[in-house]
Amino acid sequence: MRKNLVLLLCVLILVSVAAAQQAGGEKKPPLSPRRQAETSFADGKKVMVDYGAPSMRGRKIMGELVPYGKVWRTGANAATTFTTDADLMINGTRVPAGKYSLYTMPDADNWKLIINENTGQWGTQYDEKQDLARVDMTKTATAQPVEQMTFSFDKAGADGATMKLQWENTQLSVPLKEAK
């Protein structure tokens with residue numbers, strides 16, 4: 001009986017020490033933290049992208065981690081979301097105000113932005129039947145390698161912007177403007 005009591009006491013001490021270390025220890029940032037990119041128009045309406053931002057960490061990205069010819073989650077973890085207060089024209093395709101998930105169809109030369117009506121899912125849970133549109137993107141090389149995947153917007157007049165996605169040595173862009 002005494003042996004069992006000593007064993008129980010040892011287990012309790014180990015559990016207490018582990019809990020104290022976890023509570024007092026510094027938390028490491030996630031490998032793919034959530035990021036947001038946002039732009040607004042002259043009338044105050046906004047467009048926002050919320051995404052998990054993976055890093056290269058020495059890996060080959062385009063054509064390997066991001067395979068060509070297959071739908072890619074375009075980020076990490078939960079699906080990338082695209083929210084717009086305004087009806088938009090994205091590279092000539094009408095997208096009503098609302099919340100969507102973004103995916104891409106990568107290729108060595110040509111990429112498509114996929115605007116999907118399903119939201120709130122894990123990034124790998126893609127349902128092609130929920131696609132609202134597939135839009136051509138412009139692919140260019142970055143001036144220098146981009147370690148962490150990044151979305152950004154460049155203003156284009158009072159009612160437009162260019163949405164950019166950069167990672168590794170690739171920049172993808174697509175024009176968007178408020179549909180009037």
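Quick look at the values:
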quantity: Selected residue (criterion: modelled with the lowest pLDDT) from residues of the stretch 135-157 that are farther than 22 Å from residue 65 by Cβ and assigned to a strand (DSSP E or B); calculated: 155
quantity: Residue list for the stretch 65-101, filter: more than 15 Å from residue 149 (Cβ to Cβ), open to solvent by less than 10 Å² (accessible area, probe 1.4 Å) and of a type in the set (S, T, N, Q); calculated: 84, 101
quantity: Pairs with Cβ under 7 Å, 6+ apart, first in the stretch 161-180 and part of a loop (DSSP other than H, G, I, E, B), second modelled with pLDDT of 95 or more; calculated: 179/87; 179/88; 179/89; 179/94
quantity: Residues satisfying the stated conditions in the stretch 48-78, i.e. within 19 Å of residue 169 (Cβ to Cβ) and among the hydroxyl-bearing types (Ser, Thr, Tyr); calculated: 55, 68, 74
quantity: Check on residue 142, surrounded by fewer than 19 Cβ atoms within 10 Å (Cβ to Cβ), within 19 Å of residue 51 (Cα to Cα), free of Cβ contacts under 8 Å to residues at least 60 places away in the same chain and not hydrophobic (A, V, I, L, M, F, W, C); calculated: no
quantity: Filter result for residue 155 (of a type in the set (D, E, K, R), over 15 Å from residue 95 (Cα atoms) and in contact (Cβ under 8 Å) with a residue 40 or more places away in the chain); calculated: yes
quantity: Residues (open to solvent by 60 Å² or more (accessible area, probe 1.4 Å) and modelled with pLDDT under 95) located in the stretch 158-180; calculated: 158, 180
quantity: Boolean, residue 104 is surrounded by fewer than 20 Cβ atoms within 10 Å (Cβ to Cβ), touching a Ser or Thr at 6+ places or on another chain (Cβ under 6 Å) and not basic (Lys, Arg); calculated: no
quantity: Of all residues making up the stretch 119-131, the number that are open to solvent by 50 Å² or more (accessible area, probe 1.4 Å) and under 12 Å from residue 80 (Cα atoms); calculated: 6
quantity: Cβ-Cβ under 8 Å pairs, at least 6 apart or on other chains, the stretch 60-81 side charged (D, E, K, R), far side at pLDDT below 95 and surrounded by 17 or more Cβ atoms within 10 Å (Cβ to Cβ); calculated: 73/123
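The values are calculated or read from the model by the stated rules, or taken from the named source; none is laboratory data. Nothing here was measured: the structure is a model prediction, and the numbers come from that model. Don't worry about glycine lacking a Cβ; one is built from the backbone with ideal geometry, like all the others, and counts go over all protein chains shown. For accessibility, only protein heavy atoms count, side chains too; no ligands or nucleic acids. Shrake-Rupley method; radii C 1.70, N 1.55, O 1.52, S 1.80 Å.
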